[in-house]
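Colleague: My questions will all concern the structure given below.
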Amino acid sequence: MIDLVPAEPGVIVVAILVFTCAGFIKGLVGLGLPTIGLGLMTVFIGVEKAMVLILWPAFLVNFWQAASGGSLRPLLRRLWPFLAAAVLTLAAGTFMLTRLPEGAADFLLGVLMVIYAVPALAGIVLSVPGKRVVPVGIVVGLINGVLSGLTGSYTVPGVMYLQALGLTKDELVQAMGLLFLFSTVALGLSLGSFGLMSGEGALASFALVAPSLLGVWLGQKIRRRVSESQFRRLILAAILLLGLYLIPLGFWRLAA
């Protein structure tokens, strides 16, 4: 079981700034809070403690995102095989996290993000035929679960699949919220089962909810002024930048 995150004033200030920034990106494009929060805090406190820190902010922010938008029931009916698959394999990813060298998962996730975002920004559009929505969703969900357990980020390839369904801006944001919400719950249970979470760590995580929600609120105010096409390019740009950030981070952690 990991100990409480170090309480040095500098670390506390950094955590507040990081989660406010991560919340802002989350509010703007609907994703990025776990990836940014985990990636930046890992530098200061290590990956396992950082994964615990993201749990409460991610849970409450994603609950808010999943419950908002007016399409909850239709999305659940359409996406439940994908969501169930994403939860099913997350514990396997957490188990692998305890066995792989630190940095390997970050590097892999960063490469996948770049491979997806570059052609999409160039105008290549992915789509899933109606008859293949369920089987493709199950396969993508299983892969997403493993990578979520490994990295604490729920983005790849789940968001790619959701974008390929042709959802509207609001539907896409709410669908991502559902994926991230269920994945956060599964990650918390998985970390606890592997002895990687303490009550003190959970309390530190809860304290970071306020700056995260402040950032989300600010990001959402800007998102309302963005068109559908601009919003999709913002998501792709965010995925690309996150990938470009995770690749050198993975190298750094592998070499440390």
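Colleague: Label points 7 Å out from Cα along the Cβ direction at LEU241 and VAL125: separation in nm?
Modeller: 2.5
Colleague: Give me the lysines in straight-line cross-link reach of LYS26: C-alpha distance below 19 Å, same-chain residues under 8 apart excluded.
Modeller: List returned: LYS169, LYS221.
Colleague: Work out how much length VAL226 to LEU76 would gain on full extension: take 0.36 nm times their residue separation and subtract the Cα-Cα distance, in nm to one decimal.
Modeller: Details: separation 150, 0.36 × 150 = 54.00 nm, distance 2.60 nm.
Using 0.36 nm per residue and subtracting the Cα-Cα distance, I get 51.4 nm.
Colleague: Provide the gained length on full extension for the span TRP64 to VAL111, in nm with one decimal, where the gain is 0.36 nm per separating residue minus the Cα-Cα distance.
Modeller: 13.9 nm
Colleague: What would the Debye formula give as log10 I(q)/I(0) at q = 0.07, 0.08, 0.11, 0.12 Å⁻¹ for the alpha-carbon point model of the chain, no solvent?
Modeller: Cα-only, vacuum Debye calculation for the chain: -0.21, -0.27, -0.53, -0.63.
Colleague: Shifting gears a bit: Measuring from centroid to centroid over Cα atoms, what is the spacing of the stretch 28-98 and the stretch 129-159 in Å?
Modeller: 12
Colleague: Provide the per-residue ³J(HN,Hα) series for the stretch 224-235, in order, calculated from phi with Karplus coefficients 6.51, -1.76, 1.60 and θ = phi - 60°, each as a whole number of Hz, with x at glycine and proline positions.
Modeller: My calculation for the stretch 224-235 gives 5, 9, 9, 6, 4, 5, 5, 5, 5, 5, 4, 4 Hz in order.
Colleague: Then there is this: Rounded to the nearest 500, what is the chain's calculated 222 nm mean residue ellipticity when only DSSP H runs of at least 4 contribute -39500 (n - 2.57) each, over all residues?
Modeller: After summing the helix terms and dividing by the residues of the chain, the value is -25500 deg cm²/dmol.
Colleague: What ³J(HN,Hα) values, in whole Hz, does the Karplus curve 6.51 cos²θ - 1.76 cosθ + 1.60 give for the stretch 166-176 when θ = phi - 60°, with x put for Gly and Pro?
Modeller: Karplus-based 3J(HN,Hα) across the stretch 166-176 equals x, 6, 5, 4, 5, 5, 5, 4, 5, 5, 5 Hz.
Colleague: Still on this model: Step through the residues of the stretch 245-256 one at a time and calculate ³J(HN,Hα) from phi using the Karplus curve (6.51 cos²θ - 1.76 cosθ + 1.60, θ = phi - 60°), rounding each to whole Hz and writing x for Gly and Pro.
Modeller: 7, 6, 4, x, 4, x, 4, 4, 6, 5, 7, 5
Any read-out appearing in this document is the output of simple, stated calculations on the displayed coordinates, not a laboratory observation. Predicted, not measured: the structure shown is a model, and the values here were computed from it. Ideal geometry is used to build each Cβ from the backbone, glycine not excepted, and the neighbour counts take in all protein chains shown.
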